[in-house]
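Trainee: After the structure tokens below, expect a handful of questions from me.
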Amino acid sequence: MSADVAIIGAGYVGMPHAQTFADAGRKVVLVDINPAVVEGINRGESHIEDVHSDDLKRLVDAGLISATTDFGVVAGCAAVVIAVPTPLSPQREPDLAYVERAARSIGPHLRKGHVVVLESTTYPGTTREVLQPVLEERSGLKAGADFHLAFAPERVDPGRTDWTTKSTPKVVGGIDAASTEAAAALYRGALDDVHEVSTAEAAELTKLLENIFRSVNIALVNELAQLCDRMDIDVWEVIEAAATKPFGFMPFQPGPGLGGHCIPLDPYYLAWKAREFDFNTRFVELAGEINNNMPYFCRSVISQALNHGAQKPLKGSKILLLGVAYKADIGDVRESPAEKLLQLLRNAGADVSYHDPYVAEFDGLRSVPLDPTAYDCIAIVTAHSTIDYDELVDAAPLVVDLRNATGVKGTASDKVFKL
């Protein structure tokens, strides 16, 4: 079918955007390279938690959403939104292969008047320096003169219901004023609030700042948690007390590390780009170092808890990781710190299992029933709200609480060790 908007990438960003545009009456075609995903969408079956299958089925049946592996559909659309992954290389450098591949596939089908928007998180300059040349070369058209080109960073927080794709303000910046205006008009037709900035580079850096802000502040409390461990002070009590100040403070929580599709990765995009300008982003890289070290510190906490609470070494102990998703009450395991912690415990000789009501399989294991009495130690990695933590404290022989999920009862218990 013909469509108004083509969205390249039917993932955690593309799917909610498709639903939002379709709910506003726009015909959307999702273009993805995975045939199984495409077939599922066309049956009305969603593979993304934030888009329920019944909602998708309704929109598919109404002819407002379809999916294909054929990039040729771009030619019949008025706008193209690129929402593909931007991971890091093993050397923690930007990997724009998905963006470049999408551009090469879109280019031959571009026509005059098209609006092209990149949503994938990246470093300042990507839209103009990487995406634009490929689109121009493959299409024979000129960005700014023949088609509009802009950047509008995704702001998807999986599992969140108070702020959705529709209600979260959308930042838009184009390669020129006309591109900004055209992209803003596209989003204003479906979203509640659009904020225009002067350039694509400003929009690209806006997204990085949002995530670096969280990374740096989480690193601060993660470092404080390690100091509090040495000083025998309850870091959770300190954060709770500081949060009573009605101005000048925003509480962040320590934990076993960073997870998700943005915060663990995006700061490195800026650090890499900054070196081009002979500038070292010391706060950014230090925060990454501290956060990346947290699984190692948490392994140490588990080891100490076994030594002091059960008089057992880590080697040979049966440990249950409670929760492996990167945050509570969702099944998203992208960049979850549980993966590194699991590997570290295995390397130390521990017998590790996991229980997560949202994640059936993880790192070669399957979720096991929650039986606290069957393990030497329960380590709370993700604090899902479906778990009765008071009951867990009563039943388990030893608990390492990396999320303060056990609350006051855990603080008062001799068999609960907190981060």
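Trainee: List pairs: first in the range 198-217 and farther than 12 Å from VAL171 by Cβ and in contact (Cβ under 8 Å) with a residue 40 or more places away in the chain, second in a helix (DSSP H, G or I) and open to solvent by 50 Å² or more (accessible area, probe 1.4 Å), Cβ under 6 Å, 6+ apart or cross-chain?
Mentor: What qualifies is VAL216/PHE283.
Trainee: Look through the range 254-312, keep the residues that are in contact with a helix residue (DSSP H, G or I) (Cβ under 7 Å, 6 or more places away or on another chain) and charged (D, E, K, R), and return whichever of them is least open to solvent (accessible area, probe 1.4 Å).
Mentor: Only one residue tops the list, namely ASP266.
Trainee: Among the residues of the range 71-90, are any free of Cβ contacts under 8 Å to residues at least 12 places away in the same chain and farther than 17 Å from GLU154 by Cβ? If you could, list the steps in order and put the result at the bottom.
Mentor: Residues of the range 71-90 that are free of Cβ contacts under 8 Å to residues at least 12 places away in the same chain, as a first pass: 89-90.
Filter once more, keeping what is farther than 17 Å from GLU154 by Cβ: 89-90.
Checked against the condition, which is being free of Cβ contacts under 8 Å to residues at least 12 places away in the same chain and farther than 17 Å from GLU154 by Cβ, the range 71-90 yields at least one hit.
Trainee: State which residue pairs qualify: first residue closer than 16 Å to ARG58 by Cα and modelled with pLDDT of 95 or more and inside the range 1-24, second residue hydrophobic (A, V, I, L, M, F, W, C) and open to solvent by 30 Å² or more (accessible area, probe 1.4 Å) in any location, beta carbons under 7 Å apart, and separation of 6 or more residues or different chains.
Mentor: ALA22/LEU64
Trainee: Given the conditions (1) assigned to a helix (DSSP H, G or I); (2) of a type in the set (Asp, Glu); (3) surrounded by fewer than 18 Cβ atoms within 10 Å (Cβ to Cβ), which single one is not true for GLU136?
Mentor: (3)
Results for (1) in a loop (DSSP other than H, G, I, E, B); (2) open to solvent by 20 Å² or more (accessible area, probe 1.4 Å), shown as yes or no for each residue.
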site: ALA145; (1), (2): yes, yes
site: ALA150; (1), (2): no, no
site: GLU154; (1), (2): yes, no
site: THR161; (1), (2): yes, yes
site: THR165; (1), (2): yes, yes
site: VAL172; (1), (2): no, no
site: THR180; (1), (2): no, no
site: ALA185; (1), (2): no, yes
site: LEU191; (1), (2): yes, no
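Trainee: Among (1) touching a residue at least 12 places away in the same chain (Cβ under 8 Å); (2) more than 18 Å from ASP266 (Cβ to Cβ); (3) of a type outside the set (Val, Ile, Thr), there is one condition SER120 misses while meeting the rest; what is its number?
Mentor: (2)
Trainee: Of the conditions (1) under 22 Å from the mean Cα position of the chain (by Cα); (2) of a type outside the set (Asp, Glu); (3) open to solvent by 30 Å² or more (accessible area, probe 1.4 Å), PRO124 satisfies every one except a single condition; which number is it?
Mentor: (3)
Trainee: Related question: Of all residues in the range 315-328, count the ones that are in contact with a Cys (Cβ under 9 Å, 6 or more places away or on another chain) and open to solvent by 10 Å² or more (accessible area, probe 1.4 Å).
Mentor: Step one: list which residues in the range 315-328 are in contact with a Cys (Cβ under 9 Å, 6 or more places away or on another chain), which gives 317-320.
Okay, now just the ones that are also open to solvent by 10 Å² or more (accessible area, probe 1.4 Å), so 318.
Number satisfying all stated conditions: 1.
Trainee: While we're looking at this one, here's another question. What is the residue count in the range 387-419 for residues that are closer than 13 Å to THR373 by Cβ and in a loop (DSSP other than H, G, I, E, B)? Walk me through how you get there before you give the answer.
Mentor: Of all residues in the range 387-419, those closer than 13 Å to THR373 by Cβ come to 391-399, 415.
From what's left, in a loop (DSSP other than H, G, I, E, B): 396-398, 415.
The total comes to 4.
Trainee: Pick from the range 224-252 the residues that are among the aromatic types (Phe, Trp, Tyr) and open to solvent by less than 100 Å² (accessible area, probe 1.4 Å): which of them is farthest from ASN291 (Cα to Cα)? Steps first, please.
Mentor: Start the filter on the range 224-252 by keeping residues that are among the aromatic types (Phe, Trp, Tyr), which leaves 236, 247, 249, 252.
Cutting the leftovers down to open to solvent by less than 100 Å² (accessible area, probe 1.4 Å) gives us 236, 249, 252.
On the way: TRP236: 17, PHE249: 21, PHE252: 13 Å.
Top of the filtered list is PHE249.
Trainee: For VAL221, all conditions in the list (1) surrounded by fewer than 14 Cβ atoms within 10 Å (Cβ to Cβ); (2) in a helix (DSSP H, G or I) hold save one; what is the number of the exception?
Mentor: (1)
Trainee: If a residue must be surrounded by fewer than 14 Cβ atoms within 10 Å (Cβ to Cβ) and within 25 Å of GLU335 (Cβ to Cβ), how many such residues does the range 361-419 contain?
Mentor: Result for the range 361-419: 6.
Trainee: Also, quick follow-up: If a residue must be over 28 Å from ASP266 (Cα atoms) and either of a type in the set (A, V, I, L, M) or in contact with an Asp or Glu (Cβ under 8 Å, 6 or more places away or on another chain) (or both), how many such residues does the range 70-102 contain?
Mentor: Qualifying residue count for the region: 5.
The values are calculated or read from the model by the stated rules, or taken from the named source; none is laboratory data. None of these values were measured; they are calculated from a predicted model. For neighbour counting, all protein chains shown are included, and Cβ atoms are generated from backbone atoms with ideal geometry for every residue, glycine included. To get the accessible areas, we keep the full protein, side chains included, count just its heavy atoms, and leave off ligands, DNA and RNA. Shrake-Rupley method; radii C 1.70, N 1.55, O 1.52, S 1.80 Å.
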